[in-house]
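Everything below concerns the one structure shown next.
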Amino acid sequence: AEKKQEALQGTTLKQAFDDFVKTRKNLKERTLYDYRRLMKVAFADWQEKAMTGISKDMVSKRHNKIGSERGEAYANLAMRFLRALFNFAIAQYEDGNGKSILHENPVMRLTQTRAWYRIDRRQTVIKPHQLSPWYEAVMSLKQDQISIQSAMVADYLLFLLFTGLRRQEAATLKWSNIDLDDRSFTLTDTKNREPLTLPLTDFVFDLLQSRKAATDSEYVFAGDGKKGYLIEPRRQVQKVIQLSEVSFTLHDLRRTFITIAESIDISAYALKRLVNHKMTNDVTAGYIISDVERLRKPMQQISSQLLRYFKIKDDKKILPFQKHQSA
């Protein structure tokens, strides 16, 4: 019993993390990747430290160090992860009397002293007047003679904008989850773990038909890596930014979709369902069942509004963009 108690007292950060991963079997692949990255980057020199030896002062100093070296948002992220790891250890490791070997979570120092960095939520979107040049720059990717993947990335960017999906949800979408006959598609692995079926608008339907004819991969947006799907099209995104002079991130496309929907007075309930936001705090929402057919009209309205900003008609097909010849 004494040896077991001594071993528990010596539980290292790495040991706790390994046990954490084994216990939390439902962690998403991306979340697990981020956690492992934080262990290697933010806490590389702490991995063999006993958790009982990590003090509040050490946490405060490490938070400041990460903030100055890697940015305030990253420092907060690292400490939220460390807090979760300590909460797990407090519940997991007990002595012979059933008491935790850890008396408190040292990361709570940041809350008690209000030392967390204040990070304003990113609110950037592509503005209506920027959508036309952005669209032309995206379509120019289809003429890229260097990389055959650029044409697919163009479709990927448009798909993100016209569906409001998170980038990972779109990147991992398989053809088996798309029903072209029913004009709908289903997300089985979402952020909130709730499956979602959405309608395909005319524009997205045409896009997917063209994409299906050009690929034999199981993924709609195939990548050349071992995972099989598109990972991060940085080069193509930078090219679109350069050509259009519109700075954006992939998540900005989701925010733009939501902003456009709000601007044309799409129902709050329909919009939350379209972007798969939980409505647990809304009692009325619990009585509303939004099926794919009820979402088809608002989805089409958003699509039509985007096309108006692109300055093309609703029935415009997905065609390569022709560059204007300079005088």
Subject >> Lone qualifier among I241, I260, I266 - being modelled with pLDDT of 85 or more, on the phi < 0 side of the Ramachandran plot, assigned to a loop (DSSP other than H, G, I, E, B) and over 15 Å from the mean Cα position of the chain (by Cα) >> reply: I266
Original post:
What pairs can you find where one residue is in segment 87-110 and over 24 Å from S60 (Cβ atoms), the other is at pLDDT below 90 and assigned to a loop (DSSP other than H, G, I, E, B), and their Cβ atoms are less than 8 Å apart, with a gap of 6+ or different chains?
Top reply: E94/I101; D95/I101; G96/A1
Original post:
Of all residues in segment 63-93, how many are more than 23 Å from the chain's Cα centre (by Cα) and outside any helix (DSSP H, G or I)?
Top reply: 1
Subject >> Tally of residues being in a loop (DSSP other than H, G, I, E, B) and closer than 19 Å to F162 by Cβ across segment 192-214 >> reply: 3
Original post:
Taking R80 and the conditions (1) farther than 30 Å from K22 by Cβ; (2) surrounded by fewer than 16 Cβ atoms within 10 Å (Cβ to Cβ); (3) at pLDDT 95 or above, which numbered condition does it fall short on, given that it satisfies the others?
Top reply: (1)
**OP:** Take the residues in segment 133-153 that are of a type in the set (S, T, N, Q) and open to solvent by 10 Å² or more (accessible area, probe 1.4 Å), then tell me which one is nearest to V246 (Cα to Cα).
**Re:** Q143
**OP:** Consider only pairs whose beta carbons are under 7 Å apart and that are at least six residues apart or on different chains; among these, list those whose first residue lies in segment 185-206 and is under 28 Å from Y135 (Cα atoms) and in contact (Cβ under 8 Å) with a residue 40 or more places away in the chain and whose second residue is open to solvent by less than 10 Å² (accessible area, probe 1.4 Å) and of a type in the set (V, I, T).
**Re:** L196/T190; L198/T163; V204/T163
Original post:
Residues in segment 154-164: is at least one open to solvent by 20 Å² or more (accessible area, probe 1.4 Å), closer than 17 Å to L274 by Cα and assigned to a helix (DSSP H, G or I)?
Top reply: no
**OP:** Report yes if some residue within segment 94-109 is assigned to a helix (DSSP H, G or I), of a type in the set (G, A, S) and out of contact with any Leu (no Cβ under 8 Å at 6 or more places or on another chain); otherwise report no.
**Re:** no
Subject >> Criterion violated by K28 - all others in (1) open to solvent by less than 70 Å² (accessible area, probe 1.4 Å); (2) among the basic types (K, R); (3) more than 30 Å from D189 (Cβ to Cβ) satisfied >> reply: (3)
**OP:** Would you be able to say whether some residue in segment 217-234 is open to solvent by 40 Å² or more (accessible area, probe 1.4 Å) and closer than 13 Å to L157 by Cβ?
**Re:** yes
Original post:
Tell me, which residue of segment 252-269 that is over 14 Å from S303 (Cα atoms) and touching a Ser or Thr at 6+ places or on another chain (Cβ under 9 Å) is most open to solvent (accessible area, probe 1.4 Å)?
Top reply: Y269
Subject >> Criterion: touching a Lys or Arg at 6+ places or on another chain (Cβ under 7 Å) and closer than 29 Å to R193 by Cα - qualifying residue of N76, N105, N87 >> reply: N105
Subject >> Hey, F43 closer than 22 Å to V21 by Cα and in contact with a helix residue (DSSP H, G or I) (Cβ under 6 Å, 6 or more places away or on another chain) or not >> reply: no
Original post:
What number goes with the only condition from (1) in contact with a strand residue (DSSP E or B) (Cβ under 7 Å, 6 or more places away or on another chain); (2) loosely packed, with under 15 Cβ neighbours inside 10 Å that Q5 does not pass?
Top reply: (1)
Subject >> Subset of segment 61-71 [under 13 Å from L110 (Cα atoms) and either open to solvent by less than 10 Å² (accessible area, probe 1.4 Å) or among the charged types (D, E, K, R) (or both)] >> reply: K61, R62, H63
Subject >> Matching residues, segment 8-17, being open to solvent by 60 Å² or more (accessible area, probe 1.4 Å), free of Cβ contacts under 8 Å to residues at least 40 places away in the same chain and not basic (K, R) >> reply: Q15
Original post:
Any idea which of (1) within 19 Å of the chain's Cα centre (by Cα); (2) of a type in the set (S, T, Y); (3) assigned to a helix (DSSP H, G or I) is the one T124 doesn't satisfy?
Top reply: (3)
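The values are calculated or read from the model by the stated rules, or taken from the named source; none is laboratory data. As the structure is a computational prediction, the values presented were derived from the model and not from experiment. Heads up, the Cβs are rebuilt from the backbone with ideal geometry, glycines too, and the neighbour counts pull from every protein chain shown. In case anyone asks, the SASA skips ligands and DNA or RNA and just uses the protein heavy atoms, side chains included. Shrake-Rupley method; radii C 1.70, N 1.55, O 1.52, S 1.80 Å.
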